[in-house]
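Contents: one structure, followed by commentary.
The values are calculated or read from the model by the stated rules, or taken from the named source; none is laboratory data. Worth saying up front: this structure is predicted, and the values here are computed from it rather than measured. Positions of Cβ are backbone-derived with ideal geometry, glycine not excepted, and every protein chain shown enters the neighbour counts.
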Amino acid sequence: AAPTAIMVGTGLGAQHQVQIKGGDVLERFNNVGAFVFDKTGTLTTGRMSVKQFSPIGKVSDEMMACIRASERISEHPVAMAIADYCEEHLSRENHLVANVLQSTIHMGKGLTCECEMSGIKYRVTVGNKSLVSEESEQFSFHEAEEESGCTLSYVCINGQVVGRFELSDSIRKDAYNTIQYLKSKGIETFLVTGDTHSSAVKVAHEVGMPMNNIYSEVSPSGKSEVVEQLKVDLGQSIVFVGDGINDSPALVTSDVGIAISTGTDIAVEAADIVVLCGGNESKATLRGLIDAFDISRSTFRRVK
Ligand code: ADP
Ligand code: MG
């Protein structure tokens, strides 16, 4: 009877826009004690926008064009928002187009590109504090400026920090209910992000997650280490939920890896469960996560 019940379970999953990769996944899912959530694109919509750009000195149109060209290489939510901002702020009359000669993506940190425009070369780095400090030694922004709860990305051109982007994001409309539902089932919840501490605190507050359960400025491999450590500390199986961008190591390390997918992204291979929640606004929710959880619980109640 067990295999039949499991087939019913995975079939139910498909009806709910949830892809469950095999019956053993449902069984492991039924035994988990804690959920670890990524922030950007997982608890938040990942449709970010630049609230403010603070230049240091003069940032020329040529520089803006280089930043735009560099960020167009990446599909990271931060990159898309920054590229759009640059696009809007380039004067319409001049059609500056920078060529990207070479690019390096630093997972969970940002990117560096060699750009060329009108015969001049620019080395452009856009990313978090840790990446930009490697690129520019005299880098200093006051800590006090980092309490806003925004996502911050710095721009460094030819070894000089030339400005900082402040970006905002919003939580998914059912993120709070999802966390509270899991709590009501006795599941502990955690937040892990590559973003700043203040942005993590803001989201944790909005979804009603304990402040002690936040890990910020964590690299993609660091997220996997957090999962590993929690397994030991809690002595329980751990679910990791991520949006697939930069999250593959943690998706693999966790007992059950769940990718929240918009349907167009690629990095869902590492996941045991894929929750489709993309495209159309009304479907862009975490509902599928709860459906998968309920399916595993009811499937194994039936088996017993
Ligand atoms: P999260 O863990 O919240 O999903 P990431 O680990 O993907 O976030 O990224 C961490 C931080 O690195 C971002 O908040 C941003 O500041 C910076 N970052 C990553 N990729 C880029 C990029 N392409 N351009 C600018 N900044 C980036
Ligand atoms: Mg993410």
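A few points about this structure:
- Subset tally (residues that are in a strand (DSSP E or B) and under 14 Å from the mean Cα position of the chain (by Cα)) for region 167-189: 3
- You will find that of 59, 78, the residue that is outside the structural domain of residue 178 (by TED's automatic domain parsing), surrounded by fewer than 19 Cβ atoms within 10 Å (Cβ to Cβ) and among the β-branched types (Val, Ile, Thr) is 59 and no other.
- Any hit, region 240-261, residues being among the hydroxyl-bearing types (Ser, Thr, Tyr), free of Cβ contacts under 8 Å to residues at least 24 places away in the same chain and crowded, with 17+ Cβ neighbours inside 10 Å: yes
- The set of residues in region 225-252 being under 18 Å from residue 189 (Cβ atoms) and within 16 Å of ligand 2 (Cβ to nearest atom) consists of 226, 227, 239, 240, 241, 242, 243, 247, 250, 251.
- Whichever residue in region 33-52 is under 16 Å from residue 226 (Cα atoms) and buried (at least 19 other Cβ atoms within 10 Å of the Cβ) and, among such residues, is nearest to ligand 2 (Cβ to nearest atom): 38
- Of the residues making up region 109-119, at least one is under 30 Å from residue 223 (Cβ atoms) and acidic (Asp, Glu).
- Any strands (runs of 3 or more DSSP E) falling wholly within region 84-166 and containing at least 1 residues that are closer than 23 Å to residue 198 by Cα and free of Cβ contacts under 8 Å to residues at least 40 places away in the same chain: 99-106, 120-127, 151-157
- Checking residue 109 against (1) over 19 Å from the mean Cα position of the chain (by Cα); (2) within 19 Å of residue 162 (Cβ to Cβ); (3) of a type in the set (Lys, Arg), the condition it does not meet: (1)
- Residue that is farthest from residue 165 (Cα to Cα), among those in region 35-61 that are assigned to a loop (DSSP other than H, G, I, E, B) and more than 11 Å from ligand 1 (Cβ to nearest atom): 45
- Matching option when the condition is modelled with pLDDT of 90 or more and not assigned by TED's automatic domain parsing to the domain that holds residue 133, among 263, 244, 279, 235: 235
- Filter pass, residue 35 being aromatic (Phe, Trp, Tyr) and either touching a Phe, Trp or Tyr at 6+ places or on another chain (Cβ under 6 Å) or modelled with pLDDT of 90 or more (or both): yes
- Qualifying residue in region 199-212 (condition: among the small types (Gly, Ala, Ser), touching a helix residue (DSSP H, G or I) at 6+ places or on another chain (Cβ under 8 Å), surrounded by fewer than 20 Cβ atoms within 10 Å (Cβ to Cβ) and under 21 Å from residue 154 (Cβ atoms)): no
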